[in-house]
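Right, one structure below, let's go through it.
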Amino acid sequence: MNNFERDIESKWLEEVLKETKKQYNEKKDYKERFRKEAIETQKELWQDISSVSIANGLDQIVDFMGYINSMKIQKRSHEFTQKLEEKYKKMLMSPYFARIDFVEKGEEKSEKFYIGMSNLISDDFDFLVYDWRAPVSSMFYDFEIGKASFICPEGVIEGDITLKRQYKINNGNLEYMFDSNIKIDDEILQDILSKNADNKMKAIVTTIQREQNNIIRNEEFKNLIVQGPAGSGKTSVALHRIAYLLYKHKDTIKPQNIIIFSPNEIFNDYISNVLPQLGEDNMLQTTFKQYMHNVIGDKFHKESYSDMMEYILASKNEPTYNTRIKNIKYKSSLEFIAVLKQYILDIEKVKINFKDIIFNNNLIISSTDLKQLFEYDYKELILKRRLAKIRERLYFLLEPLKKQRIEEIKKDLKISDNYAPNLEVIEKSISIVNSELKGIYMYINEITRFNLIDLYKGLFQKLEKYTKGINSNYKAFIFEIKKYTLENLSSNILSYEDQIPFLYLKGALGDIPNTAEIKYVIIDEAQDYTPLQYEIFHQLFKGANMTILGDLNQSINPFMNVGNYDNIENIFPKSNSCIINLSKSYRSTMEITQFARKLLNKKIEADYVERNGDKPIIQKFDNEKAMEERVVNDINNYKEKGHKSIGIITRTAKEAAMVFHCIKNKTSVKAILDEDEDFICDTLIIPAYLAKGLEFDVVIIYNAGNENYTSEEERLLFYTACTRALHVLNIYYYGTSPSLLCN
């Protein structure tokens, strides 16, 4: 770029930074003023009110509430101004990253649009920088030089892009810039991808690709299912989509209206910085396990997802292993969903043998009227609410007769000399009437009792009835599954695969929390949820928009997964749903990507960024001790080369704990063994099933031979582990060579 052009750009940058600095100082001054006002208000409150007392009259309480309201307003003003101050502080480092020149149809002169993380508007209401989420900014991601358009509140604006330019501005200095005549140039992309992994996931606004932008801004469909290969940026896209929605619908959507379901707490922590980087507060973050455990409660001993994975991978020699696997497969099947739904229909049609309720020779309600309430008047209510409504009705009908009876007994007792004090007469009267009503209350509780545990047991007690006549793949195992489940339930154990149908039953019968405030649901790692879990998502968030992101090739649990998206298409209306495929992978070097895809034994159509690196190393050792020594040497060498994150990925948590114990005194290393831990950007030992979604500069697959990764069911787990690597992938083993590498 010539010096004249560079001078123009440098002067513009100076102008933008000057305005940014001015607005930053203003917000800093406002914040300080609000702080001083808040201190002054607190002093006045103390001097004028001192201590609040009812004895001082209502005027004092009114004055006190006035001060409290003032302090709340000051607090909100302070927080809002602080957010703006932080925004301008970031902009002083890098106010924009791109520019497009656009000539609107019918106009002769082009207009410049500088694009950054946030809007910058002058006192004269001139846009100096446009937020990347603004309608006009979409053209930067979607179009090359030439014909272009964008959608704004006024409609579709058409025209031509005459210039498309990218910048790297660091600490307020223009490091370089170049014109891009096609897409977002690989020069910027390669520069970012070649860097080492950081402590947390980062925002990707400077490198959003067209297909990613299509998902971020897509509001045509209520439900989006996004399928993409490892490293295609699915999670980043989801988080930027949240930022876009919060920007576009800022008056109606707040962070508390959006919830993301992540695979585990490690991943929740890993992604927690992205939205704050984009200037937004974090949405609600949870895991399916966390939500499920909270709703189910503490009555049972509940197995975690990690414990189930550990059992699947490490307990193959246990006598009950095959029974457990059949149990997991059956309860994750479409057939079991049909059985469960039929059982719920039968529960809803249940007939209760009502009888007349009589107290003190008065008919409270007849059996006919009770039947009328249950089978007709309250028929439209969900079972739990129907029973609660009947209980409320009966208590209401009993109350006047109960009071009347208390008064009768009080009169009788007052005649007697045994209960002279009035308080004693009242207490005794209530006690007598409660005793007389005991049988009636017991009957009411019996006919309106909602015991979910008994209902769930009831399904398995009658399981043969519900599978009779079904052309089932599990017919030979039904009795085995029934026996296994009932034994666990009797021992107060709720296996992970039982918690999901238990939660569905709970929701179908009306026993779930209110989720009406949730307007958008993000489900990450979609491949690892069963069709029944999607039924639960639909049950919980019927009115919400859903974005579902996954990769069918990264199903880490061979027995409990979505299978394919056809298995859930009936849950979400086709007319309001869309499957979008991401077609490119960005994470790993081309050598690592090519190697990992060969593991799948099938052709992957998705493209990848041609970023070169070393070929993956497959190394055999004489024994485990030699392998451990190599791992220690690798850790030290790769750290010296500047790699910030090194993942030693084991097959199980048990193996991860063993490796950590063996090498922790030889080098600096940490371990994550549980799904509820925080992410650590360091040298990290972690089991494969907890590493999904994460990425490391260097990945060492520990002990891929012998009995590890031998079965076909573990092929996708092995693939997922290998695709965590950004720059370096080493696969170590001793003994038998990895069978999955031989195919």
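Out of the total accessible area of the range 660-731 (probe 1.4 Å, heavy atoms of protein only), what percent is carbon and sulfur? Mind dumping the intermediate values first?
Numbers: 930 of 2000 Å².
Ligands and nucleic acids excluded, carbon and sulfur give 46 percent.
What are the trypsin sites (Lys or Arg not before Pro) within the range 412-504 that DSSP puts in a loop, where the Cβ has at most 12 other Cβ atoms within 10 Å? Could you put the intermediate results ahead of the total?
Numbers: sites: Lys414, Lys428, Lys438, Arg449, Lys457, Lys462, Lys465, Lys468, Lys475, Lys482, Lys483; in loops: Arg449, Lys462, Lys468.
Within the range 412-504, the qualifying trypsin sites (Lys or Arg not before Pro) (loop, at most 12 other Cβ atoms within 10 Å) are Arg449, Lys468.
With a/c under 1.5 counting as rounded, go ahead and sort the range 453-522 into rounded, prolate or oblate using the C-alpha gyration tensor (a ≥ b ≥ c being the square roots of the eigenvalues; past the cut-off, prolate if a/b is larger than b/c, else oblate). Taking the square roots of the gyration eigenvalues as a ≥ b ≥ c, the range 453-522 is prolate. Legend: distances between Cα atoms for Lys384/Lys542; Lys11/Lys164; Lys234/Lys670; pairs beyond 22 Å are Lys234/Lys670.
Tell me which GluC sites (Glu not before Pro) from the range 476-540 have a DSSP coil assignment and no more than 16 other beta carbons within 10 Å of their own.
Values: sites: Glu480, Glu487, Glu497, Glu517, Glu525, Glu535; in loops: Glu517, Glu525.
Filter output for the range 476-540: Glu517.
Think of the chain as having a plus end and a minus end, set by charges on the Cβ of Lys, Arg, Asp and Glu; of Val274, Leu381, Ile580, Leu381 sits farthest toward the positive end of this dipole. Of the GluC sites (Glu not before Pro) in the range 561-661, the ones in a loop by DSSP (not H, G, I, E or B) with at most 11 other beta carbons within 10 Å are Glu605, Glu610.
Relative contact order of the range 449-586, please, whole-number percent, based on alpha carbon pairs below 8 angstrom and at least 6 residues apart.
Working: 104 pairs, mean separation 27.0, N = 138.
For the range 449-586, the relative contact order is 20 percent.
Segment Thr710..Asn294, full-extension length gain: 146.1 nm, with 0.36 nm per residue of separation and the alpha-carbon distance subtracted. The fraction of accessible area contributed by carbon and sulfur in the range 391-516 is 51 percent, rounded to a whole number (1.4 Å probe; ligands and nucleic acids excluded).
Taking amide H atoms as placed 1.01 Å from N in the peptide plane, the amide H of Ile225 lies under 5 Å from those of Ile548, Cys578, Ile579, Ile580, each 5 or more residues away in sequence or on another chain.
From Cα pairs below 8 angstrom and at least 6 apart in sequence, can you work out the relative contact order of the chain, rounded to a whole percent?
Value for the chain: 13 percent.
Shape call for the range 232-345 from the C-alpha gyration tensor, a ≥ b ≥ c root eigenvalues: rounded (a/c under 1.5), prolate (a/b greater than b/c) or oblate? It is prolate, given that a/c is not under 1.5 and a/b is the larger ratio. Against the chain, whose longest principal axis comes from its Cα atoms, helix 653-663 is set at around 50 degrees.
Rg ratio for the range 615-727: its Cα radius of gyration over 2.2 N^0.38 Å, N being its residue count, equals 0.98.
Helix 383-415 and the longest principal axis of the Cα set of the chain meet at an angle near 40°. The range 69-114 and the range 446-462 have their alpha-carbon centroids 58 Å apart.
Per residue, the chain exposes 48 Å² of solvent-accessible protein surface, assessed with a 1.4 angstrom probe and all protein chains in place. Ranking Ile478, Ile493, Ala508 by Cα position along the charge dipole of the range 456-520, where only Lys, Arg, Asp and Glu carry charges on their C-beta atoms, puts Ile478 farthest toward the positive end.
Compared with the dominant principal axis of the Cα atoms in the chain, helix 422-447 is inclined by about 70°. Taking the Cα centre of the chain as reference, the dipole from Cβ charges on Lys and Arg (+1) and Asp and Glu (-1) amounts to some 1860 debye. With Cα atoms defining each centre, the range 262-341 and the range 590-636 are spaced 29 Å apart in the structure. Ligands, DNA and RNA left out, the accessible area of the range 279-326 computed with a 1.4 Å probe is 44% carbon and sulfur.
Below 8 Å, C-alpha to C-alpha, sequence gap of six or more: please give me the relative contact order for the range 589-648 in percent. Provide the component values of the computation, followed by the final result.
Values: 24 pairs, mean separation 19.2, N = 60.
Normalised by residue count, the contact order of the range 589-648 is 32 percent.
With a ≥ b ≥ c the root eigenvalues of the C-alpha gyration tensor of the range 368-456, is it rounded (a/c under 1.5), prolate (a/b larger than b/c) or oblate? Judged from the Cα gyration tensor, the range 368-456 comes out prolate (a/c at least 1.5, a/b above b/c).
The values are calculated or read from the model by the stated rules, or taken from the named source; none is laboratory data. Being a predicted model, the structure only gives us computed values, none of them experimental. No Cβ is skipped: glycine too gets one built from the backbone with ideal geometry, and neighbour counts run over all protein chains shown. Just so you know, the surface numbers come from the protein's heavy atoms only, side chains and all, with ligands and any DNA or RNA stripped out. Shrake-Rupley method; radii C 1.70, N 1.55, O 1.52, S 1.80 Å.
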